[in-house]
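Readers should treat all values here as calculations from the given coordinates under stated rules, not as data from a laboratory. Quantities reported herein were computed from a predicted structural model and do not represent experimental measurements. Backbone-built Cβ (ideal geometry, glycine too); neighbour counts: all protein chains shown.
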Amino acid sequence: MDLDERKKKILNAIIKNYLETGEPVGSRTISKYSDLALSSATIRNEMSDLEELGYIMQPHTSAGRIPSDKGYRFFVDQLMMEKDREVSKMQEFIIERTERMEQVLKQVVRTLATNTNYATMITAPSYGRNRLKFIQLSQVDEEQLLAIIVLEGNIVKNRILTIDTPLDSETLLKLNFLLNTSLNGLTVEEINLSMIAKLKEQAGNESALMAEILDAVAKSVAESEDLEVYTGGVTNIFKYPELSRSEKASELILALEEKQQLAGLARQNLTGEEETGIQVYIGDESPLGTMTDCSIVTANYELGEGLHGTIGIIGPKRMDYENVVDNLKTLKRQLDLVFRPPKE
């Protein structure tokens, strides 16, 4: 059932009031909104309909109503459509231009936490699924081989491999040729078992060494795909009783401090279909089990040449979504200005 305009206005009024106060909202409170011009009895009837439809709920028999996850979802979806039309009105952040990306990212989460009063996170930009550009094998001494692995974005990884016998220049040339003609431009996921078997067969007497080289390549790519996560405002969680007093409070703080779950969330966003959009997870929609009492709002930023990362805000379900969305959209633009190389 689609909501008519009156129900939409009442639902928005309930949600906005609850966002401000954190207290259940009654019909008398809603009747004070001048643009509604409705009696308390009419509002009560409409609130009953909204409750029956699952947009609001009554925590106690004698209490007012509070938004349900479905109500928050409706509010956020409406807000997102409005914000797409209001991009030009966003408040600008002042982010210190600095050559050190780490300093900028740490400043971003601190500024974001101060401006929103929620916990915040940002990942360092990465290349997502790294592709191999070049592999060079060189003999260090009679027992060691150096594998130089160059990935997309000119990320260089060096691996030392132990060998039983020295390799002659012809064998090194053959291995380098096999690796580069077969693997260049591929991701680890694209290097399948049949390809590995073929390379080992073509390597002949050096099939065991080829297996070690391929294992070193896989490990190098995995290392480069580890996401560095910076967090800010973790203690802001204690400002909201519904989070600080919940049974999951300690798990929530631990997840924010240890960051592995946040890295998993960011990686999921970066590999999703909508790689640059703002995502809102409300309550049980959260992919993180420790954050089902929260709302999580994320946005992916892009810096060109495949570089991208994730910004996120974690707070109560009654968070100020409008302020959060404004901050995230502005930060996406500012990060672009800070890190993109100037046009010649």
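Stretch Arg6-Gln268 to full length: gain in nm at 0.36 nm per residue minus the Cα-Cα span?
Details: separation 262, 0.36 × 262 = 94.32 nm, distance 3.79 nm.
Gain on stretching Arg6 to Gln268: 90.5 nm.
Which peptide among 282-292, 137-147 comes first, and what is the full order, when sorted by highest mean count of other Cβ atoms within 10 Å? Can you show the working numbers first?
On the way: 282-292: 16.4, 137-147: 14.5.
Final packing ranking: 282-292, 137-147.
How much length is gained if the chain between Glu170 and Thr187 is pulled fully straight, taking 0.36 nm per residue apart and subtracting their Cα-Cα distance, in nm to one decimal? Let's see the in-between values first.
Numbers: separation 17, 0.36 × 17 = 6.12 nm, distance 2.76 nm.
Additional length available on full extension: 3.4 nm.
If you average the alpha carbon positions of the range 172-241 and of the range 1-61, how far apart do those two centres end up, in angstrom?
Between the Cα centre of the range 172-241 and that of the range 1-61, the gap is 54 Å.
Which value in nm describes the separation of the simple spin-label points at Lys106 and Arg44, placed 7 Å from the Cα toward the beta carbon?
A separation of 5.8 nm, rounded to one decimal place.
How do Phe177, Phe74 line up, fewest other C-beta atoms within 10 Å first? Could you put the intermediate results ahead of the total?
On the way: Phe177 11, Phe74 21.
Going from sparsest to densest Cβ surroundings: Phe177, Phe74.
How far is it, in nm, from the label point at Ala197 to the one at Leu254 when both lie 7 Å from their Cα along the line to the Cβ?
It is 4.4 nm.
How much FRET efficiency would the formula 1/(1 + (r/R0)^6) give for Gln78 and Ser207, where r is the Cβ-Cβ distance and R0 is 35 Å, rounded to 0.05?
On the way: r = 61 Å, r/R0 = 1.75.
According to the calculation, E is roughly 0.05.
Which order do Glu206, Glu322 fall in if you start with the one that has the fewest other Cβ atoms within 10 Å?
Working: Glu206 20, Glu322 16.
Ranking Glu206, Glu322 by Cβ neighbours within 10 Å, fewest first, gives Glu322, Glu206.
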